[in-house]
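Report on one structure; see the data block that follows.
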Amino acid sequence: MSIKIENLGQTYSKGTPFEYRALKNVNLEIEDGEFVGLIGHTGSGKSTLIQHLNGLLTPTEGTVYVDGQDIFQESKEDLVKLRMKIGLVFQYPEHQLFEETVAKDVAFGPKNLGLSPEEIDKRVKEAIKLVGLNYDEIKDKSPFELSGGQMRRVAIAGVLAMKPRVLVLDEPTAGLDPAGRDEILNQIKKLHEQEGITVILVSHSMEDVGRLVDRIIVMNDGEVAYFDKPKEVFKHVKELENMGLAAPRVSYLMKALKEHFPEVDDEIFMIDEAVAEIEKLLKSEKGEDAHV
């Protein structure tokens, strides 16, 4: 499912003393099956942008096309159908858990679609498995008996049970410990690889975005500053810093090494690549010492 955003603008409290332009002339095209990261400082327009993708917000300028259809020209019924295809997971989605068991909570969305009991049961089992949980072990448990990471995965399963073609996640690891954070990110990556759905990940972690996504959208004061591959985006260290962001920590290490060893590739931002580059440098230095 492709998404094309054209001249999108959003002004809050228009015509009042509190008027604020949250989005300004945003133009983007996200391809079907792509994994895209969305980063930006607090107030840069990230959350406002993603709420336009399934029509939760109506823009004051421009529009959004999903598979070539202008979603803001659709009927209410068609917009409801669209929202089933674009799953939006807000920050702390576990706060929306409310049923007495995990299975009932995940089944809530499919039930509202009017599906048969057999189809609902099938979707619940599939969704729980997709987020890396054991259906038989967890189905009858209260969601509130689970760990924070498990609760987050159950909440995501509830969205997946609607069978979206696009999954938008707003800071899915917020508030989790390192183990829970890694669990969630690994499951999202696995889900993308297995199901081939389009994923849009909003995150403050440059490391996480850099290792997971195909391309990164950088928002700054309501505008798109960059939309490119991670390697290209992280070249702009000073510009990112001026926006209140930073490159991955590995980038700073490699640039510091570059000052002393010109042969070092300072565009590396992944830990495993940095390790390989440093090992190559050490071997080179040892070789020179032996030659001397």
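The values are calculated or read from the model by the stated rules, or taken from the named source; none is laboratory data. The shown structure was predicted, so the numbers you read here are calculated from the model rather than taken from an experiment. Here the Cβ positions follow ideal geometry from the backbone for every residue, glycine too, while neighbour counts run over all protein chains shown.
Quick look at the values:
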item	result
Answer from K129, K122, K139, K163 - the residue that is surrounded by 15 or more Cβ atoms within 10 Å (Cβ to Cβ), free of Cβ contacts under 8 Å to residues at least 40 places away in the same chain and in the same structural domain as I200 (by TED's automatic domain parsing)	K139
Only listed residue being of a type outside the set (A, V, I, L, M), assigned to a loop (DSSP other than H, G, I, E, B), under 25 Å from G109 (Cα atoms) and free of Cβ contacts under 8 Å to residues at least 24 places away in the same chain, chosen from T58, T16	T58
Yes/no for L133 being hydrophobic (A, V, I, L, M, F, W, C) and more than 30 Å from I3 (Cα to Cα)	yes
Residues located in segment 56-100, provided they are among the β-branched types (V, I, T) and modelled with pLDDT under 85	V80
From the options G180, G158, G132, residue that is assigned to a loop (DSSP other than H, G, I, E, B) and not acidic (D, E)	G132
Any hit, segment 205-212, residues being in a loop (DSSP other than H, G, I, E, B) and polar (S, T, N, Q)	yes
Among the residues listed as L49, L53, the single one being of a type in the set (A, V, I, L, M, F, W, C), out of contact with any Asp or Glu (no Cβ under 7 Å at 6 or more places or on another chain), in the same structural domain as T173 (by TED's automatic domain parsing) and not in a helix (DSSP H, G or I)	L53
Segment 238-265 - residue that is surrounded by fewer than 17 Cβ atoms within 10 Å (Cβ to Cβ) and among the hydrophobic types (A, V, I, L, M, F, W, C) and, of those, farthest from E285 (Cα to Cα)	A246
Inter-residue pairs, beta-carbon under 9 Å, first farther than 25 Å from L212 by Cβ and in the same structural domain as K231 (by TED's automatic domain parsing) and in segment 255-283, second loosely packed, with under 15 Cβ neighbours inside 10 Å and modelled with pLDDT of 90 or more, 6+ apart	none
Out of G33, G45, G55, sole residue that is under 21 Å from the mean Cα position of the chain (by Cα), crowded, with 16+ Cβ neighbours inside 10 Å and closer than 28 Å to E241 by Cα	G45
Set L38, L28, L8: member being assigned by TED's automatic domain parsing to the domain that holds S205, assigned to a strand (DSSP E or B), within 21 Å of I217 (Cβ to Cβ) and free of Cβ contacts under 8 Å to residues at least 60 places away in the same chain	L8
Hey, A22 closer than 30 Å to K139 by Cα, small (G, A, S) and buried (at least 17 other Cβ atoms within 10 Å of the Cβ) or not	no
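Yes or no, residue by residue, for (1) touching a Phe, Trp or Tyr at 6+ places or on another chain (Cβ under 6 Å); (2) under 24 Å from K190 (Cβ atoms); (3) not charged (D, E, K, R):
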| position | (1), (2), (3) |
| --- | --- |
| Y65 | no, no, yes |
| D70 | no, no, no |
| Q73 | no, no, yes |
| R83 | no, no, no |
| I86 | no, yes, yes |
| A107 | no, yes, yes |
| D121 | no, yes, no |
